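Notes for the one structure printed next.
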Amino acid sequence: SPYNADLPYDIKQSALFGEASYDFGQFKLTAGGRYYDFKETRDFISGGLFSNGDTRLGDKTKSNGISPRLIATWEPNRNLSVTIQAAKGFRLGGINDPLNLPLCSDEDEDIYGPFASGSYDDDRLWNYEAGVKYSRRGITFNAAVFYNDIKDLQVTLDAGSCSSRIVFNVPKAHSKGIEAEFAVQPLEGLDLSLAGTLINSEFDSTVTTGAGVVIGGIEEGNRLPSVAKYTIAASAT
């Protein structure tokens, strides 16, 4: 066997969510929150020609906290709604797998070795958003602008020649943009729609090796991987 691994997980999650709204005329305020508690235990047992034969039992990850949300809505009539909101979210951290050292070059072992088998933290973000919804006589228009302030963003990179993947925390990043959708029903039974997004997502921090070399393009000002700058979609039904 070139490589084999057994990774059993035991995940326990509990949460409590609550929300309340107050309506006064054309305005409505909504506030809510979610308390979460995660506990994760993992074993890592590997074998084969390209592995180190690692046996790690009882690796633990845990996290708890509160994610609040606040929404303000203005509805002057049944056709128009304007909303602003702020909400917090998170993604659970974890523990990196060991490198496959028999495959690593000396250089890649020096670069990625300090990160392998180490833990990575939860990433957290605050989302700030303002949106509008309009619908009347077969015409619908929805749009929103948003800004995400991200802390300790989890980014997964290939560890060079080691045939391994490492998750890094990037201290700061952001994502901001606009999305819109326009739909119309010109004839009974015919629906036309056009939707698109324009997003700017960048690292606001740089991750380097001990020698100061930037790792995997994680450099302040670079675009986040796998985030399209723009998307567009049109449909006729």
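The values are calculated or read from the model by the stated rules, or taken from the named source; none is laboratory data. Remember, it's a predicted structure, so these values are computed and weren't measured experimentally. As a convention, Cβ positions derive from the backbone with ideal geometry for all residues, glycine included, and neighbour counts pool all protein chains shown. In case anyone asks, the SASA skips ligands and DNA or RNA and just uses the protein heavy atoms, side chains included. Shrake-Rupley method; radii C 1.70, N 1.55, O 1.52, S 1.80 Å.
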Can you spot a residue in the range 71-81 that is of a type in the set (Val, Ile, Thr), over 30 Å from PHE146 (Cα atoms) and touching a Phe, Trp or Tyr at 6+ places or on another chain (Cβ under 9 Å)?
-> no
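Name the single residue that is surrounded by the most Cβ atoms within 10 Å (Cβ to Cβ) among those in the range 175-223 being of a type outside the set (S, T, N, Q) and in contact with a His (Cβ under 9 Å, 6 or more places away or on another chain).
In this case the residue turns out to be PHE203.
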If you go through the range 120-140 one residue at a time, how many are touching an Asp or Glu at 6+ places or on another chain (Cβ under 8 Å) and open to solvent by 80 Å² or more (accessible area, probe 1.4 Å)?
-> 4
Please enumerate the residues belonging to the range 24-42 that are more than 22 Å from ARG91 (Cβ to Cβ) and touching a strand residue (DSSP E or B) at 6+ places or on another chain (Cβ under 8 Å).
-> GLN26, PHE27, LYS28, LEU29, THR30, ALA31
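Could you pull out the residue among THR73, THR41 that is free of Cβ contacts under 8 Å to residues at least 60 places away in the same chain, open to solvent by less than 90 Å² (accessible area, probe 1.4 Å) and closer than 30 Å to ILE139 by Cα?
Result of the check over THR73, THR41: THR73.
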Considering TYR35, TYR22, which residue is aromatic (Phe, Trp, Tyr), farther than 29 Å from VAL170 by Cα and open to solvent by 20 Å² or more (accessible area, probe 1.4 Å)?
-> TYR22
Give the residue that is nearest to ALA86 (Cα to Cα), with candidates limited to residues of the range 146-174 that are crowded, with 18+ Cβ neighbours inside 10 Å and charged (D, E, K, R).
-> LYS151
Could you identify the single residue in ALA116, ALA87, ALA143 that is within 30 Å of GLU188 (Cβ to Cβ), open to solvent by less than 30 Å² (accessible area, probe 1.4 Å) and aliphatic (A, V, I, L, M)?
-> ALA143
